[in-house]
1. Show the residue pairs that are 6+ apart or on different chains and have beta-carbon atoms under 9 Å apart, the first residue being within segment B:6-35 and more than 25 Å from B:ILE399 (Cα to Cα), the second being assigned to a loop (DSSP other than H, G, I, E, B) and aromatic (Phe, Trp, Tyr).
2. State which residue pairs qualify: first residue assigned by TED's automatic domain parsing to the domain that holds B:GLY402 and closer than 17 Å to B:SER429 by Cα and inside segment B:345-374, second residue part of a helix (DSSP H, G or I) and among the small types (Gly, Ala, Ser) in any location, beta carbons under 6 Å apart, and separation of 6 or more residues or different chains.
3. Would you check if B:GLU175 is more than 20 Å from the chain's Cα centre (by Cα) and modelled with pLDDT under 95?
4. For segment B:65-89, what are the residues that are more than 14 Å from B:ARG299 (Cα to Cα) and within 14 Å of chain A (Cβ to nearest Cβ)?
5. Just checking: which of the helices (runs of 4 or more DSSP H) contained wholly in segment B:109-204 hold 1 or more residues that are under 30 Å from B:ASN267 (Cα atoms)?
6. Please return the ranges of strands (runs of 3 or more DSSP E) entirely within segment B:205-305 where 3 or more residues are within 26 Å of B:ASN403 (Cβ to Cβ) and assigned by TED's automatic domain parsing to the domain that holds B:SER446.
7. When you check B:SER360 against the structure, is it more than 20 Å from B:GLU240 (Cα to Cα) and in contact with a strand residue (DSSP E or B) (Cβ under 6 Å, 6 or more places away or on another chain), yes or no?
8. Mind checking which residues of segment B:25-51 are on the phi > 0 side of the Ramachandran plot and either buried (at least 20 other Cβ atoms within 10 Å of the Cβ) or within 14 Å of chain A (Cβ to nearest Cβ) (or both)?
Amino acid sequence: MEISQLEQIYQILSDNGFDEIELRLGTTDRIKMARSVSSGVSQSQKNTAILNNTANIEGQSKETNTDSNKTEIRSELVGVFQFMDEDESFFPKVGDEVAMGEKLGKILSLNSIKEIKSPIDGRICEISVKKNDIIDYGHLLFVLEDSSDIKS
Amino acid sequence: MISKILIANRGEIAVRIIRTCKSLDIRTVAIYSEADKDSLHVKMADEAYCIGPARPDLSYLNMEAILTVAQMTECDAIHPGYGFLSENPEFAEKTEQFGCVFIGPNYKAIRLLGQKSVARDIMKKAGIPVMPGSDSCISSPEEGAKIAAEIGYPVLIKATSGGGGKGMRLVEKPEDFIKLCQTAQAEAASAFGDDRVYVEKYMLNPRHIEVQIVADQWGRVFALGVRECSIQRRHQKLLEESSSVALTPELRKKIAETALKVVRTINNGKDGVIYHNLGTVEFLLDEDGHFFFMEMNTRLQVEHPVTEMTCGGYDLVALQIADAMKEEPLPLENEILDNHGWAIECRINAEDPTSAFVPSPGTIEKYVAPGGLNVRLDTAVYQGYKIPSCYDTMIGKLIVWGNNRDEAISRMLVALDEFEIEGVANTISFHKYILNNRDFYNGRFSTAFVEKHYDDYMNKIKLSQKQKKD
């Protein structure tokens, strides 16, 4: 097998978050390839990271705000979006200050509710979702600006 | 009444289902993974939702996400296509519990036939020929070795929950049995979460013959012709035909009648299950014309277009939807519908046949599709489309019809010549080789065809490259 083909296999591993792959060539040859999880971004890491600054996420560059003090919050599951309280007593607005861990909204799927929390202390720059919107996986929900950057 | 269907699949089969829905004025909802955002099925559906990342377990196998989309978009039914969740009884059951129609057989029938050893036992008791082997799953490798010695080597060890060759081992010598049995059990446990295996006599040089079944919820069962799928590599079919050169009209009738009996055996079971929708009964055929039940697939088959081309022009997906609506019996009359003319399907994959069929994902730089009378191309690709590395590498299924096999072969060769794909390696040259091969032409082949002729193919490729250089 040529080096370019091995590189292609590595790319498949890397693209899909697989840690190990085994190929059979002909009836006798077998190639087993494994990578260290720490050598790349695994899919499970990606899933966690999707609620964090997307600048760190492989394959999300198109949607990443190049302004480094901005943090995008995207949906990590498909569902219906609602703001935090049914009575809308908390209804985030652009310009609101939010603390790390503060609840911003929730996504309702068939059997679960996913709370959307602020990953940083910051200010809401953009709200890209309305109540009862159907949200895809990866849909942009909020853009936050880091408080420490605002102060500086 | 079904007015909106979620298609829980991707690629060419999602496109193919959407086309039928459009013709029936049924709205469609596509689901897709991040890797498929530029896919044709996403563009063609009335609505489309990204449900997860590329990894199948987080997207196309994610039942919760799929059912959430079905709920949000108020779909009446879910079509599972083939692969992914199509033969998952849990998904079919959950879909029904959720109040949606699963376009396929009843989940109890899927569960029953998914246990290969159970299905084998039921058929054996009903007098349907099965390969000699263990009566059910073996309790230990030692018990399996004893059965293997009784039926004679070579034998196959097969996973009862298996498919696609996983958890399967060929054993040629008694001294290898225990070790290979343990390997098969471990592989089955890892792939299917079920380490139970059974033992079956291994047939040398078999042919793979299958019968398309259509059944409705009134218990009516029909056999729509036969298909031959012997040209395969590592249990993956490469070329399919309808009908088969290996079958006389009498044998064709007998095998279709046996397939009908398989379904009626399920319908006559104690649990009151009525098999409905589509199914495929697969048989192994030996060199003396004896055939044996292998398994029944409870879904739309990849190669279904060769049946559509030779059996009255029925749209099998439309029949599936009509059955799912459960409004009236299906509009079929003859229990056995014989093939008319001849159809061949070539599965064109983005694989390099000159390099042991290594996958070749990437961007299609140039794409010119073939056409003409009785030429059909089921695909989801287009020029500029990037074939992702995370799924199967199918570019498309090229299907032709002819009045007879010779005409179909000639027409396929013309279509393959017209088909231009650049940017990714593909299997067109290998399909041309098959169709020009004397053994294939004369009908002298078995499931060992690819293995037997691969070196000859490589020699011809090298010779042709040398001639080009000179």
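The values are calculated or read from the model by the stated rules, or taken from the named source; none is laboratory data. The model shown is predicted, which means the values in this text are computed figures rather than measured ones. Glycine also receives a Cβ, built like all others from the backbone with ideal geometry; neighbour counts cover every protein chain displayed.
1. Filtered contacts from segment B:6-35: B:ILE31/B:TYR60; B:TYR32/B:TYR60; B:SER33/A:TYR137; B:SER33/B:TYR60; B:SER33/B:TYR391; B:GLU34/A:TYR137; B:ALA35/B:TYR391.
2. Short answer, once both residue conditions are applied: B:PRO370/B:ALA415.
3. The answer is no for B:GLU175.
4. Across segment B:65-89, the qualifying residues are B:ALA65, B:ILE66, B:LEU67, B:THR68, B:VAL69, B:ALA70, B:GLN71, B:MET72, B:THR73, B:GLU74, B:CYS75.
5. Qualifying helices (runs of 4 or more DSSP H): B:116-125, B:177-192.
6. Answer list for segment B:205-305: B:207-215, B:221-233, B:236-242.
7. Yes.
8. Residues satisfying the conditions do not exist here.
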